[in-house]
Amino acid sequence: MTESVQTELPLGQSTGPSGPDAKVRVAACTTPVRIADPEVNANTLLMTARTCDAGSVSLVAFPELALTGYSIDDLFLQDVVLDAAEAALRRIVEASVHIHPVMILGAPLRHAGRVYNTAVVVHGGRVAGVVPKVHLPNYREFYEHRYFASGHGTAGSVIRLGGQHVPFGPDLLFVVEDRPGLVFHAEICEDMWVPIQPSAIAALAGATVLVNLSASNITVGKADTRRMLCQAQSARCTAAYLYTASGEGESTTDLAWDGQTSIYENGVLLAETSRFKPGARIAVADINVSLLTRTRGCSSVFAQCRMNHKAQVVCFRHVALHLEADNLGTAQQISANSGPTGPSTPHP
């Protein structure tokens, strides 16, 4: 693939840093897909990840099922597609030895006789963990129960990938030990649209960065609803929230796709890409995880809520990661020529 990669800033907003001690740069990416062609999609994901690497990003998120495309319907049940997805994932894992940021990408994976819609966390030549989608929509244009099993009940599990046993379940927190305060959790699309989101419990368990890998076809007014949900979840959880949706290349036989991505910090929009544009696009922001941690520490209500959900909070497994790089710079270095900037919006 020779697609150009564009980094963008939201009109009238700054990507940060959001405070004097901001330390962690993150990226939410939407990438063009060739449906049911994991090899080509892996090339696109790696090219975009390398662009983020050049901009000193520490964590990069890609859309739901970015490795195969979301709109392939019954092909999710074909071994030839699933085998190709696993082969492409192995290639991404091998290439990750030379890519600095942690990558979170969507892929269909087989486990215990079923197919799961998963977020795969890759870094340093290994799969650090796999998070299955919990809430599978099966209404209106969605019929995910036809293909996938829910991740509900998989907490504490492991999946075998590439000859290795990898943590598998919605109960995973990824702790980046050489980036103090950077603890992230992944959920997938519909998991954000339900009354009690997996990321809410993850935030109580210590996650400061919440990542949503989405496909999310576009309908009238839906972009504003997504923004509202991301902003509210970020504010409620005193967390950063990364959102990335599918765009170019998904089948338009029945649906339309806009490739919306955004990054919020404690209810404040830091970055958002334009929609309905071709090629890969990247929203970049510096997250002040120190401020998030301090703000939580000052909130008796946050601590009370954690205690109220202690039985769920204590069940989370922690996966350690090490970035082993210190060149973080400022977010403007990766996106200085991509759009206008404005003053940082203060925290509420």
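Tabulated results
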quantity: Gly151 farther than 24 Å from Thr273 by Cα and touching a strand residue (DSSP E or B) at 6+ places or on another chain (Cβ under 9 Å); calculated: yes
quantity: Residue in region 250-269 that is part of a loop (DSSP other than H, G, I, E, B), hydroxyl-bearing (Ser, Thr, Tyr), modelled with pLDDT under 95 and touching a Leu at 6+ places or on another chain (Cβ under 8 Å) present; calculated: no
quantity: For Thr238: the one exception among (1) touching a residue at least 40 places away in the same chain (Cβ under 8 Å); (2) open to solvent by 40 Å² or more (accessible area, probe 1.4 Å); calculated: (2)
quantity: Qualifying residues in region 97-111 (those that are open to solvent by 30 Å² or more (accessible area, probe 1.4 Å) and in contact with a strand residue (DSSP E or B) (Cβ under 8 Å, 6 or more places away or on another chain)) - the one nearest to Asn43 (Cα to Cα); calculated: Arg110
quantity: Some residue of region 278-285 being at pLDDT below 95, out of contact with any Gly (no Cβ under 7 Å at 6 or more places or on another chain), part of a loop (DSSP other than H, G, I, E, B) and within 30 Å of Ala36 (Cα to Cα); calculated: yes
quantity: Subset tally (residues that are polar (S, T, N, Q), at pLDDT below 50 and either in a strand (DSSP E or B) or buried (at least 18 other Cβ atoms within 10 Å of the Cβ) (or both)) for region 1-54; calculated: 4
quantity: Residue that is surrounded by the most Cβ atoms within 10 Å (Cβ to Cβ), among those in region 60-96 that are of a type in the set (Asp, Glu) and in contact with a Leu (Cβ under 8 Å, 6 or more places away or on another chain); calculated: Glu64
quantity: Residue in region 136-145 that is buried (at least 22 other Cβ atoms within 10 Å of the Cβ) and under 28 Å from His309 (Cβ atoms) present; calculated: yes
quantity: In region 153-195, the residues that are among the small types (Gly, Ala, Ser), surrounded by fewer than 22 Cβ atoms within 10 Å (Cβ to Cβ) and not in a strand (DSSP E or B); calculated: Gly153, Ala155, Gly156, Gly162, Gly163, Gly181
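The values are calculated or read from the model by the stated rules, or taken from the named source; none is laboratory data. In this text, all values refer to a predicted model and were calculated from it rather than measured experimentally. All Cβ positions, even for glycine, are placed from backbone atoms using ideal geometry, and neighbour counts span all protein chains on display. For accessibility, only protein heavy atoms count, side chains too; no ligands or nucleic acids. Shrake-Rupley method; radii C 1.70, N 1.55, O 1.52, S 1.80 Å.
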